[in-house]
1. With the requirement that a residue be within 13 Å of DNA strand D (Cβ to nearest atom) and either within 23 Å of A:TYR137 (Cα to Cα) or in contact with a Ser or Thr (Cβ under 9 Å, 6 or more places away or on another chain) (or both), what does segment B:33-47 give you?
2. For residues in segment A:63-81 being near DNA strand C (Cβ under 10 Å from one of its atoms) and among the small types (Gly, Ala, Ser), which is nearest to the other protein chains (Cβ to nearest Cβ)?
3. For segment B:110-119, give me each residue that is buried (at least 18 other Cβ atoms within 10 Å of the Cβ) and more than 11 Å from A:PHE3 (Cβ to Cβ).
4. Just need a number here: residues in segment B:61-88 that are in contact with a His (Cβ under 9 Å, 6 or more places away or on another chain) and in a helix (DSSP H, G or I).
5. So B:MET35 fits all but one of (1) within 12 Å of chain A (Cβ to nearest Cβ); (2) loosely packed, with under 15 Cβ neighbours inside 10 Å; (3) at pLDDT 90 or above; what number is the exception?
6. Just to be sure, is A:LYS154 over 26 Å from A:VAL36 (Cα atoms) and modelled with pLDDT under 80?
7. Consider segment A:38-59. How many of its residues are within 14 Å of another protein chain (Cβ to nearest Cβ) and away from DNA strand C (no atom under 13 Å from the Cβ)?
8. Tally time: how many residues in segment A:120-143 are at pLDDT below 90 and either open to solvent by 70 Å² or more (accessible area, probe 1.4 Å) or not in a helix (DSSP H, G or I) (or both)?
There are 2 protein chains.
Amino acid sequence: MEFKEAKNKFVQTWGALGSQWGINKTMAQIHALLMVSNEPVSMEDVMEELQISRGNASMNLRALMDWGIVYKEYKAGERREFFTAEKDLDELAVKIARERSKREIKPALKILKEVSSIEAKDSAEEKHFVDQTNKLYDFVLKADNMLDKMTEFKENWLGRLVLKIMK
Amino acid sequence: MEFKEAKNKFVQTWGALGSQWGINKTMAQIHALLMVSNEPVSMEDVMEELQISRGNASMNLRALMDWGIVYKEYKAGERREFFTAEKDLDELAVKIARERSKREIKPALKILKEVSSIEAKDSAEEKHFVDQTNKLYDFVLKADNMLDKMTEFKENWLGRLVLKIMK
DNA sequence: TTAAACTTTCAAAAATAAATGAAAGTTTGT
DNA sequence: ACAAACTTTCATTTATTTTTGAAAGTTTAA
């Protein structure tokens, strides 16, 4: 396999993986492209390499910057903007986790809290509902806290974590 | 808030969460419904409560069973089938993790291995590509192994993990 | 063996999500 | 202040995913 083919395969694969995890395909592809580029990439380059429109490129680059995993760079003497991806994988994982927690988990926790707080009256059905949603609340809260904890380890949290788990 | 409203809100929320995580909405809703039901639910009930067609209910129940998080139950003297969800949350998390690893992570790892194995020749661009995809391979492999390790703790792995992380 | 009771399948339709591209907006050098 | 160079927005189009429902398939009891 030669370089160009490998690069394309990587971008496609990462894109497919992204869409299975709730991130849109193009966004994941752009991120993949930036990750394996050794120097900043312009919007034109992104459009050209992925064969996408200007609007699409612009919107998804913006989204990636909102997630804090892609940065703008300015080259001396160049008018246009260039982009680079966060390449430190620990940092990347932490940022993604933090963002998804904020956008998805926190709101879900709020609802879980709400629905688990109804008065259970006396039917077994309602008791079971309250019990189960309470358990779910505790579980999700614990998982979310774990994500927060990750961010406290500044370096190589995953490697250390694996060691710990293996006892 | 009264029971019916709370139940509906929970089902909707869980469904929305599912679709953000690559699981289809109806599948997540059915699962939510079964999780908070204190007794087995028939396909008719599912159709009725979620207002979905027979085919949709059938396909998604099948998918949930393939994931190993919903079970068929037979009631004595009843012709039709009933369904229950895995209600143990540790068990549920482990099964979901295992399934996603098998379906998504393992295939991605294979590709990462492939593309990181090209001969890097001498350009900085190609060297960077090989270096970055190698790092990615190691990272994803480590994360995936962590998921595998979870399954070794039979009970309350999350709680124990959180304790450990907090040191 | 038959037929009633139930479940699954899958082509077509509907719903949803993503991409386009032209127009509007912004920034920068002169 | 102007206009060239570039970026963003968003109504419309396109692509993808999900749902439907009728037909085919299966199981069970008599």
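1. Listed by number, the residues that qualify are B:MET43, B:MET47.
2. A:ALA63
3. B:ILE111, B:LEU112, B:SER116
4. 1
5. Result: B:MET35 fails condition (2) only.
6. no
7. So the answer is 5.
8. Within segment A:120-143, residues that are at pLDDT below 90 and either open to solvent by 70 Å² or more (accessible area, probe 1.4 Å) or not in a helix (DSSP H, G or I) (or both) number 4.
The values are calculated or read from the model by the stated rules, or taken from the named source; none is laboratory data. All of these numbers come straight from a predicted model, not from anything done at the bench. All Cβ positions, even for glycine, are placed from backbone atoms using ideal geometry, and neighbour counts span all protein chains on display. These accessible areas exclude ligands, DNA and RNA; they are computed on the full protein's heavy atoms, side chains included. Shrake-Rupley method; radii C 1.70, N 1.55, O 1.52, S 1.80 Å.
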